[in-house]
Amino acid sequence: MIKGFTRFLQSPGEHIRSLFGPQDASAGNPVLRIIPRQEHPVSRQHFSDAALKVLYRLHNAGHEAFLVGGCIRDSLLGRMPKDFDVATDATPEEVRELFRNSRLIGRRFRIVHVRFGREVIEVTTFRGRPGDDHGDHIAQQSDDGMLLRDNVWGNIEEDALRRDFTINALYYNIADFSIHDFADGVRDIESRTLRLIGDPATRYREDPVRMLRAVRFAAKLDFHLDPATEAPVHELAPLLLQVPPARLFDEVLKLFMSGHGVETFRLLRDYGLFSMLFPAADEAMVELEWAEPLVERALASTDRRVHEERPVTPAFLFAALLWGPVQLRQQAFEDDGMPPIPALQAASQQVISRQLQHVAIPKRFSLPMRDIWDLQQRLPLRRGKRVFQTREHPRFRAAYDFLLVREAAGELAPGLGDWWTAFQDADEHEQRRLLSKVGADPAGSGAPRKRRRRRRKPRKPPTDE
């Protein structure tokens, strides 16, 4: 696949260059360049059967049907595409009639999800430009220019200009297997440039999440941001505060759980976007020298697991991101005389409450996250039955991994993590020896202790008065 792309860029060089004209898409004037099948490396063999079924059914029903966006971009980059999005001139209702295994979703952007087992193909109708004759139920913008609703249907040319980046405005036509390039996306792929279509400031105001997408694509694809695309980001970063926290939760998962979390985190910090998502964490990194290394090491661990195709959980990630502010609040409570355990609980509640105003954290993740934090106070207590109870806790493994991250980041002196590493791998005899080394009862195996019988005091004989 990579060799095919190399031939595509190099061997037919002069012919390909003749396909390109001046870059007018950024000015709002799309210049269509159709690249025939024999001159590009994108093959149906790289598409899922589900995506092909959707394309062919739409095509056979008389509709235009294109694969669009990331799957075409990744194919041209020599990567195996994973997510398949379809664009068509069929309305959502018409798509729904063609596929019984589908459902309409969304109000802001109405789309159709066609489900094949676990795989979901997202089908969108070509979008057009909102006009004065469209009511708020079809298209609506806020006073700041943010798109609140966008369900105006149009043609493929209009749809291309509504896409965010040039590299995502590439359409694969199932009718003749050609690629339709409206915004010089292939050229930007060749130069590894991430460029917004249209005026960057206007596009960011329409949807501030595009700033996060720019960072995510730059980190994932190892692209650089076009200077015009990069320029407004610092100034417009506060627009993210207007985005619903629930939507930002989904974006955070894409940012940090796709295998490029460390580089994404650094770019977010560089562009002033991280503080809009996690303000308390950003503040803690100023006060605690270990807070930033801890987050980076947690992200590096997540990246490794993603690349190894091992399971990852947002609970561990959020535990690392918010641990710094939790420690600052806990210390403040303890300085006021509160015992450590209630101080941690109060600090956790305050930090989470503040965070929910920026990025939502569902309870299915916030509760395990709090367990990971609570276990940090139990892990140092290695006496008798307590150590076995800690070992059997459902969140022990995540808490143990978190302990190792804390030591590696310099928050804790090394030693405790090594002890728990040895204890998990040890047999019963070795476990007893490890317990004895920390002053525990050598016989403490977690078995219930025998109760000593309490001696009764002898009764005093009654006295005659």
Hull-based mean projected area of region 153-283, where the convex hull spans the alpha carbons, in square nanometres:
9.0 nm²
Quick one: if the Förster radius is 25 Å, what FRET efficiency do Leu381 and Val286 give, using the C-beta to C-beta distance and rounding to 0.05?
0.20
FRET efficiency (Tyr56, Gln357; Cβ distance; R0 56 Å; to 0.05) is 0.75
In a shell of Cβ-Cβ distance under 12 Å around Glu230, excluding Glu230 itself, what net charge do Lys and Arg (+1) and Asp and Glu (-1) give?
-2
Would you mind calculating the gained length between Thr202 and Gln349 on full extension (0.36 nm times residue separation, minus the Cα-Cα distance), in nm to one decimal?
49.1 nm
Run the simple label-point estimate for Ala300 and Asp49 please: 7 Å along Cα→C-beta, distance reported in nm.
4.3 nm
Where q = 0.13, 0.19 Å⁻¹, what log10 of I(q)/I(0) comes from the Debye formula for region 278-435, counting one point per Cα?
-0.63, -1.30
So how much accessible area does Phe109 have, in Å² to the nearest 10, using a 1.4 Å probe?
70 Å²
Quick one: which residues, 5 or more positions from Arg127 or on another chain, have an amide H under 5 Å from its amide H? H modelled 1.01 Å from N in the peptide plane, none for Pro or chain starts.
Gly154, Asp159
At q = 0.09, 0.14, 0.21 Å⁻¹, the log10 of I(q)/I(0) for region 32-191 from a Debye sum over equal Cα scatterers comes to -0.29, -0.71, -1.42
How much length would be gained if the chain were fully extended between Asp83 and Trp153, taking 0.36 nm per residue of separation minus their Cα-Cα distance, in nm to one decimal?
22.9 nm
Taking the simple approach of a point 7 Å from Cα along Cα-to-Cβ for both Ser436 and Phe388, what is their distance in nm?
1.7 nm
What is the gain in length, in nm to one decimal, between Lys254 and Val31 on full extension, counting 0.36 nm per residue of separation less the C-alpha to C-alpha distance?
77.1 nm
How charged is the neighbourhood of Glu119? Take every other residue with its Cβ under 14 Å from the Cβ of Glu119, and add Lys/Arg as +1 and Asp/Glu as -1.
0
Exposure of Thr313 as accessible area (Å², to 10), given a probe of 1.4 Å and all protein chains:
60 Å²
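The values are calculated or read from the model by the stated rules, or taken from the named source; none is laboratory data. Computed from a predicted model, the values in this text were never measured in an experiment. Cβ: placed from backbone, ideal geometry, glycine included. Neighbour counts: every protein chain shown. Side chains included, ligands, DNA and RNA excluded: accessible areas come from the protein's heavy atoms. Shrake-Rupley method; radii C 1.70, N 1.55, O 1.52, S 1.80 Å.
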